[in-house]
Amino acid sequence: MINKAMFRQVQAFRRQGYSKASIVKALELDPKTVAKYFAMEEEDCRAYRQEHLFRDKAFDTYRREILEVYEANGFRRLEVASVYDYLEEKCGALPANEQSLRNYIGYLIRTDGLRLDEAARLYTKVPELPFGRQMQLDFGRYRCRSGLRLYIFAALLSAGRYKYVIFQGQPFRTLDVIRLLLDTFDYFGGRPEELVIDQDRLMVVSENAGDIIYTKDFEHFIDEQEFGLWVCRGADPETKGKIENLVKFTKGSFLSTRDFEAVEEANAGVLRWLPRRANGKISQATRQIPAVLIEQERAHLRPLRNSIFRKDSLLGREERTANEKAVVSVKACTYQLPSKYKNKTVEIYTTEEELFVYDIFTGKEIVAYRLSLIPGQLVSRRTCRREGEKTVEELKAAVGGLFELESWKRFTERNFKTFPRYARDQCLEAKRFFAEKEVATGVLERALDYCLENDTPSFSNLKDTYVHFERESRRPEPVAAVDLECLGPHKPLPVSRRQLSEYENAARERAVS
C-alpha cells in the first residue's frame, strides 16, 4: 500500500538533492521503501490511490445498516465502537475489526457518502489516583426514538475506569440516589474512600465558600458509610471529566444506536453492554481493560456495609432462631422478641448501630433495637414482654384461673379494680411468676391473706411477700433453752461476787500511785 504522506516526504528530500542513503538516515525508513518512493512519479501515486480508493471494502455489504444508524441519530457523529457493537449485535460476526470500520466510515465521509454535524468538547486531564480512592457520580437524561425518557445514573472508579450505569423512568429523588449508590457498591465489590459529586439538589442543599450543607438523608448516609465528599464547583465539569465522558459515552455508544419501549428493557440491555463494551474493552486513558483492573482495585476498596436505607430489602438479611425465651443473640448480646416467636426462625438486618428483626413469612418488621456495646447484655422492650395478641379480658380470665383458692380470687378482683389502666401489665407479672414456677399453696395462702389484710393488691407485692414467707418456711426450728443443771452429775460451781465499791476503791488507789 502506498502512503501519501510518506511519498511526499521522500519526494521533498529528493527535490532538495538528497541521495537515497541520506533520506534513509534522515527518515529512518527501510531502504527498499525509500527506493520505491524515490523512483515513483506523482501520476503513478495518484493512479494507485485512485484505484485503491474504489476497491472492494469489507463493510460494503453493511453500508445500508450503517447509514440507517446515522440517519436515525440525525447524522450526529457516533462512536465507531458503538456502531461496531450495534452491527455485531444485529448481524453477528463481522468480516473485519473496528479499525477497518473506522476506515470505512472515514471513506464514506471523504467520498461524500456520509455527511456529519460535528461538535467537539475538551476536558482538562487530572492526575491519576490510587486504587480504591475515588468514585465519580453523575446523572443524565435521554429521550429514545420511541418517546421513552430515560434518567441515567452513572458511576465510575477513577483509577481503573470500572463503570456502572443504570436507568429509571422518573426523575431521581434522594432515596433513589442512595439506593443506587448501594447497588453500585455491590457491583464494584466494595466502597471507595471518596465520592465526587455535583452540587445537585438531591445531595447538596447549599454551598458557600466551601461550607456545604447536605440534604438530611444524604448526610445521614455519608456518615453511616464514612465517605469523604468532593463537591465540584458550579460550571466546572472538568473536575469530574471522567464521569462526564461516561455519560456521553453511554448516550453515544449504547443509547444512540438502540431504541427501547420500557425501562426494564433498557436496563437489561445496559447490563449486558457494560461487561461486553464499557468494561470489556481497552480504555484509551489507562491502555488496559477495566474488567481486568477491577480485580486489583477490589483489594483496595473498603468492605461492603449494611445501610439503614436498605433495611426493607431482602439483601443483607440473615436468618436467626429465637430460643425458648424468645431471645435472639447478635454480636455477643441478646435481644428480646415477643413471646410468640419462641423457638421460631426470624430474619435480622444489622447496620453499624441498629438491629432490625423481621417476620420470615410476612416480611414485616417485628422490632428494632440500638445495638448494645456491652457484651452479654439482654436488651428488651416493654412491648415485647406484653402479650399483644391477647385481649385484656382474656389475660384476666387466664390469671383468675391459675389457682382455685378463694383468697386468690378476692386478690385478683381487688387488683383489677385498683389498677384498671395497668391490667395487662399486672396479668403478665402474675403469669411470669406464678404460672411459670412451682408454687406452694400453703405459703401462697399466707401471702394472699397478708396482702389483703394490709391492702397491697399489686402482683409485685404479692410476689415479694410470697418469697419472704417461703424463705421463712425453709428456716430450721429454733433450739430450746438448755437447763445447765441437767448437763452433768455435779452442781454448778460457786462463784464469788464482789461489791462495786471494791472496784472503785482499787481504781482510786491506782490513780494516786
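Note on Lys248: accessible area is roughly 110 Å² with a 1.4 Å probe, heavy atoms of protein only.
Applying a threshold of 20 Å to the alpha-carbon distances of Lys216/Lys242; Lys248/Lys281; Lys409/Lys431; Lys90/Lys242 flags Lys216/Lys242; Lys90/Lys242 as lying beyond it.
Surface analysis of segment 261-379 yields an accessible area of 57 Å² per residue, using protein heavy atoms and a 1.4 Å probe. Positive end of the dipole of segment 423-467 (Cβ unit charges, origin at the Cα centre): among Thr456, Gly442, Leu428, the Cα lying farthest that way belongs to Leu428.
Computed on protein heavy atoms with a 1.4 Å probe, the accessible areas place Met6, Met40 in the order Met6, Met40, largest first. Peptides 132-140, 358-366, 69-77 ranked from most to least packed, by the mean per-residue count of other Cβ atoms within 10 Å: 132-140, 69-77, 358-366. Accessible surface comparison of Ile282, Ile152, probe 1.4 Å, protein chains only, largest first: the order is Ile282, Ile152. Oblate is the label for segment 413-463. Its Cα gyration tensor axes, ordered a ≥ b ≥ c, give a/c of at least 1.5 and b/c at or above a/b. Near Glu365, once Lys and Arg are set to +1 and Asp and Glu to -1 for all other residues with Cβ below 12 Å from its Cβ, the sum equals -1.
State the percentage of accessible surface on segment 227-340 attributable to carbon and sulfur atoms; use a 1.4 Å probe and exclude ligands, DNA and RNA. For segment 227-340, the apolar C and S fraction of the accessible surface comes to 52 percent. Remark: segment 137-198 carries a charge dipole of roughly 420 debye about the Cα centre, counting +1 on each Lys and Arg Cβ and -1 on each Asp and Glu Cβ. A 1.4 Å probe run over the protein chains yields, for segment 389-454, 60 Å² of accessible area per residue, whole-number rounding.
With a cut-off of 10 Å between beta carbons, the residues surrounding Pro290 carry a summed charge of +2, where Lys and Arg count +1 and Asp and Glu -1.
The values are calculated or read from the model by the stated rules, or taken from the named source; none is laboratory data. The structure presented is a predicted model; accordingly, all values stated were derived computationally and were not measured. A quick note on method: Cβ atoms are made from the backbone with ideal geometry, for glycine too, and the neighbour counts reach across all protein chains shown. Keep in mind that these areas ignore ligands, DNA and RNA; they rest on the heavy atoms of the full protein, side chains included. Shrake-Rupley method; radii C 1.70, N 1.55, O 1.52, S 1.80 Å.
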